[in-house]
Amino acid sequence: MEPSLVLYDGLCNFCDASVKFIWKHNTAGTIHFTSLQGETGQQLLRQHQIPSDIDSFIFIENGKAYLESDAAFQVARHLDGPWKMLSVGRILPKSLRNAGYHVIARNRYKWFGQKDACEIPPPEVRARFID
């Protein structure tokens, strides 16, 4: 089975913390990662015809791209232990879920800061990163 893939903003501190959380709680290693800024990330954006204004978090699984809150809840399905329960948030109306998502996405640099470059992951998870 092909690994699922998180595309994330490699310059965003919040996104970086989210990626670290995911790799720690997806011990099966079924989720891999690539930054939106990298060559693979850019290629996947074009391949899945993802609008250029989507710039924070995308999840690709079985050839389908999930955006915004759908991406977050799809990822939750792959997490270990009680974190998997976060996926039940999908029952909320999509407009409400995405409204909350957009507030965080628009303010992520202001609230959490920004990096100058993508961070290099530790050796034990480096194989799960593309680019």
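The values are calculated or read from the model by the stated rules, or taken from the named source; none is laboratory data. Just so you know, these numbers come straight off a predicted model, no measurement behind them. Neighbour counts run over all protein chains shown; Cβ positions are idealised from the backbone, glycine included.
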For this session: Return yes or no: is Gln37 touching a Gly at 6+ places or on another chain (Cβ under 7 Å) and not hydrophobic (A, V, I, L, M, F, W, C)?
Result: yes
Problem set entry | Evaluation of Phe57 against (1) of a type in the set (Phe, Trp, Tyr); (2) under 12 Å from the mean Cα position of the chain (by Cα); (3) more than 20 Å from Gly10 (Cα to Cα) (one fails), failing number | (3)
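Would you please name the residue that is farthest from Leu7 (Cα to Cα), looking only at residues in segment 113-128 that are touching a strand residue (DSSP E or B) at 6+ places or on another chain (Cβ under 9 Å) and modelled with pLDDT under 90? Explain how you work it out, then say what you get.
Initial filter on segment 113-128 (touching a strand residue (DSSP E or B) at 6+ places or on another chain (Cβ under 9 Å)): 113-115, 118, 120-121, 125, 127-128.
If we keep only those that are modelled with pLDDT under 90 as well, we get 113-115, 118, 120-121, 125, 127.
Values: Gly113: 19, Gln114: 17, Lys115: 16, Cys118: 13, Ile120: 15, Pro121: 15, Val125: 16, Ala127: 15 Å.
The selected residue is Gly113.
Here is a yes/no grid of residues against (1) surrounded by 14 or more Cβ atoms within 10 Å (Cβ to Cβ); (2) among the small types (Gly, Ala, Ser):
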position	(1), (2)
Leu67	yes, no
Val75	yes, no
Leu79	yes, no
Ser95	no, yes
Ala99	no, yes
Val103	no, no
Phe112	yes, no
Pro121	yes, no
Ile130	yes, no
Exercise. Is it the case that segment 13-26 has a residue that's within 14 Å of the chain's Cα centre (by Cα), at pLDDT below 95, more than 15 Å from Arg128 (Cα to Cα) and part of a loop (DSSP other than H, G, I, E, B)?
Worked result: no
For this session: Collect the residues in segment 91-116 that are among the basic types (Lys, Arg) and either under 15 Å from Asp70 (Cα atoms) or touching a Phe, Trp or Tyr at 6+ places or on another chain (Cβ under 9 Å) (or both), keeping them in residue-number order.
Result: Lys94, Arg97, Arg108
For this session: Output the number of residues of segment 45-73 satisfying the condition of being polar (S, T, N, Q) and either touching a Cys at 6+ places or on another chain (Cβ under 9 Å) or in contact (Cβ under 8 Å) with a residue 60 or more places away in the chain (or both).
Result: 2
For this session: Being in contact with a Ser or Thr (Cβ under 9 Å, 6 or more places away or on another chain), part of a strand (DSSP E or B) and modelled with pLDDT of 90 or more is the filter here, so list the residues in segment 35-84 that pass it.
Result: Phe59, Ile60, Glu61
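In segment 33-49, which residues are of a type outside the set (Phe, Trp, Tyr) and buried (at least 19 other Cβ atoms within 10 Å of the Cβ)? Lay out the reasoning, then the answer.
Here is the first cut: in segment 33-49, the ones of a type outside the set (Phe, Trp, Tyr) are 34-49.
Selection gives Thr34, Ser35, Leu36, Gly41, Leu44.
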For this session: Might you let me know whether segment 116-129 holds any residue that is under 18 Å from Thr30 (Cβ atoms), aromatic (Phe, Trp, Tyr), touching a residue at least 60 places away in the same chain (Cβ under 8 Å) and not in a loop (DSSP other than H, G, I, E, B)?
Result: yes
Exercise. Given the structure, is Phe57 under 27 Å from Ile91 (Cβ atoms) and surrounded by fewer than 18 Cβ atoms within 10 Å (Cβ to Cβ)?
Worked result: no
